[in-house]
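Report on the following structure.
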Amino acid sequence: MDYEHKAKAVGDCLLSYKRDEAGWKVCKKSNDVVVSWRPSSEFPGNVYKGEGIVSGSPEKVWECLKPVPSGLRVKWDNNVKRFELLEQITEDISICRTVTPSAAMGIIAPRDFVDVILVKQYEDGTISSNATNVSHSGCPPQSGYVRGFNHPCGCVCVPIAGEPNKTQVFSFFQTDLGGFLPRSVVDSFFPSSMAEFYSNLSKAVKSLKGL
């Protein structure tokens, strides 16, 4: 599999989601975040977009989000139980396994996902993580976990002009959770989960010292 090609394609895909305002329908709104959705063109489900302002510099926000095994995300993100590096392809591209806990009061069993992840930096200071599912010989499906599949997804941290201690954060999720979950369970899980993601991210950024 050409992991580099797939990684670059998912980076372009996420950028197009961010730029394309058409067709998004708001499904959850709070002071911190607006969550929208539209039908996915990647699989028979929805792509969800979160958009919010987080109090903290882009460096601090990225420190909480960056996809590394020893990173902070496993500590604050309730949907990430474990994060493992399977292979480092280039400095900015890696293959990782993410393990998620059971959710929705046990209706959603623990899952694992194998993704190629591209970390991309832009000239304006924007930094993003971009991921999509791949297969990897070092990580076949394992007992005790339903293998799920992430379609192009990730997070984009955008500096705000004149506001060095605030960051605009976009998040995109379009996940085939696998198994035999009722569609209603999936559709109710993601908006709530994404709102919680922003709330927990904000708390994690606030607790960081020295950046």
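Tabulated results
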quantity	calculated
Every pair of residues 6+ apart whose Cβ atoms lie under 8 Å, when the first sits in the range 140-165 and is among the charged types (D, E, K, R) while the second is part of a strand (DSSP E or B) and open to solvent by less than 50 Å² (accessible area, probe 1.4 Å)	Arg147/Arg111; Arg147/Asp112; Arg147/Phe113; Arg147/Val114
Pairs with Cβ under 9 Å, 6+ apart, first in the range 16-27 and more than 13 Å from Pro191 (Cβ to Cβ), second of a type outside the set (D, E, K, R) and open to solvent by 60 Å² or more (accessible area, probe 1.4 Å)	Gly23/Pro39
Hits in the range 161-183 - residues which are among the basic types (Lys, Arg) and either under 22 Å from Asn31 (Cβ atoms) or assigned to a strand (DSSP E or B) (or both)	Lys166
Exclusive hit being surrounded by 13 or more Cβ atoms within 10 Å (Cβ to Cβ), over 21 Å from Lys6 (Cβ atoms) and within 16 Å of the chain's Cα centre (by Cα), set Phe197, Phe113, Phe173, Phe149	Phe197
Every residue from the range 126-162 that is among the polar types (S, T, N, Q) and within 25 Å of Lys49 (Cβ to Cβ)	Thr126, Ser128, Ser129, Asn130, Thr132, Asn133, Asn150
Failed criterion for Gly178 (all others in (1) small (Gly, Ala, Ser); (2) farther than 21 Å from Leu14 by Cβ; (3) touching a strand residue (DSSP E or B) at 6+ places or on another chain (Cβ under 8 Å); (4) modelled with pLDDT of 90 or more hold)	(4)
Helices (runs of 4 or more DSSP H) completely within the range 1-102 that count 3 or more residues being open to solvent by less than 20 Å² (accessible area, probe 1.4 Å)	3-19, 58-65
Cβ pairs under 8 Å, 6+ apart, first in the range 53-70 and free of Cβ contacts under 8 Å to residues at least 40 places away in the same chain, second open to solvent by less than 60 Å² (accessible area, probe 1.4 Å)	Val68/Phe83; Pro69/Phe83; Pro69/Glu84; Pro69/Cys96
Unique match (being modelled with pLDDT of 95 or more and small (Gly, Ala, Ser)) among Gly71, Gly56	Gly56
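Residue by residue, here is whether (1) open to solvent by 60 Å² or more (accessible area, probe 1.4 Å); (2) small (Gly, Ala, Ser); (3) part of a helix (DSSP H, G or I) holds:
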position	(1), (2), (3)
Glu123	yes, no, no
Ser128	no, yes, no
Gly144	yes, yes, no
Val185	no, no, yes
Val205	no, no, yes
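The values are calculated or read from the model by the stated rules, or taken from the named source; none is laboratory data. The structure presented is a predicted model; accordingly, all values stated were derived computationally and were not measured. Every residue, glycine among them, receives a Cβ derived from its backbone with ideal geometry; neighbour counts consider all protein chains shown. Heavy atoms of the whole protein, side chains included, go into the accessibility calculation; ligands, DNA and RNA do not. Shrake-Rupley method; radii C 1.70, N 1.55, O 1.52, S 1.80 Å.
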